[in-house]
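Structure record follows, encoded as structure tokens.
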Amino acid sequence: MDSSEWLLFISTFIRRNNPITKIYWIYLLLGLIGGVYILFNDDLVSIESRFWIVGLTGGLLLSLLVSPVLHELIHSLAFKFFGAKSIKFKWSWSLFRFNVQANDFVLSKKKYYLICSITFFLFSILPFILAFYTDGIILFTLLSLSFFHALYAMKNLAVCSYLYKFPNCFIYSSEENKTIFYKSIP
């Protein structure tokens, strides 16, 4: 696949019924329920609207500008750790997304799951948990970051969803910026 095919891929495989997508959709539902609980439990409804606006906008900006860079940096460090020789960073205007590409590199399904789990925990689950211990602008920033990063991570989770159905599957990143999924034959 090249970059033009990712949108169809993501929209197809994020909707598959498997444990990965169930966890993702349950996380989003729990995030919604938790966010509503925090809002009504702490009487945040009566807080001035500027706190809401600044906090939600701050989380959105963090999820668009900071967390993608850190997210992809963690991916690149993991790729290097797992043996990638060359890594390229690029911005895709068509997907509005920062991306890292390890050239001529093979990654197993389990290692990809590990990398995706780490970044999803750091930028989606951890901010959501920390939101329960904060208030004001920081609360709204963490909730917003948690939600918008979960949307940003949808591509990784769609790939995990695709890989789930194939045992002994691998991902190959080619020199031509194409991603190839294959499985080894025993």
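Label separation (residue 33 vs residue 110): 3.3 nm, computed from points 7 Å beyond Cα along the C-beta direction.
Once Rg and the Kirkwood radius are both taken over the C-alpha atoms of region 52-125, their ratio Rg/Rh works out to 1.03. Estimated purely from DSSP H runs of n ≥ 4, each contributing -39500 (n - 2.57), the mean residue ellipticity at 222 nm for the chain is -18000 deg cm²/dmol once divided by its residues. The figure for residue 5 is an accessible area of roughly 90 square angstrom, using a 1.4 Å probe on the protein chains alone. Take every pair of alpha-carbon atoms less than 8 Å apart whose residues are at least six positions apart; their mean separation over the length of the chain yields a relative contact order of 32 percent.
Between residue 15 and residue 154, the simple label model (points 7 Å from Cα in the Cβ direction) yields a spacing of 1.2 nm. For trypsin sites (Lys or Arg not before Pro), the sites in region 71-134 that DSSP calls loop and that have at most 14 other Cβ atoms within 10 Å are 85. Surface composition of region 83-171: carbon and sulfur make up 70 percent of the accessible area, probe 1.4 Å. Calculated from the alpha-carbon coordinates, the chain shows an Rg and a Dmax of 17.9, 62 Å respectively. Judged by the ratio a/c of the largest to the smallest principal axis of the C-alpha gyration tensor, region 57-99 counts as oblate, that ratio being 1.5 or greater while a/b is no larger than b/c. Segment residue 118..residue 103, full-extension length gain: 3.2 nm, with 0.36 nm per residue of separation and the alpha-carbon distance subtracted. When only alpha carbons of region 81-180 are considered, Rg and Dmax amount to 15.9, 47 Å. Membrane-span-like helices in the chain, defined purely by DSSP H runs whose alpha carbon atoms cover 30 Å or more axially and whose average Kyte-Doolittle hydropathy reaches 0.5, are 19-41.
The values are calculated or read from the model by the stated rules, or taken from the named source; none is laboratory data. Because the structure is a prediction, the values reported are computed rather than measured. Note that each Cβ is placed from the backbone with ideal geometry, even for glycine, and that neighbours are counted across all protein chains shown. Surface areas here come from the heavy atoms of the whole protein model, side chains and all, with no ligands, DNA or RNA. Shrake-Rupley method; radii C 1.70, N 1.55, O 1.52, S 1.80 Å.
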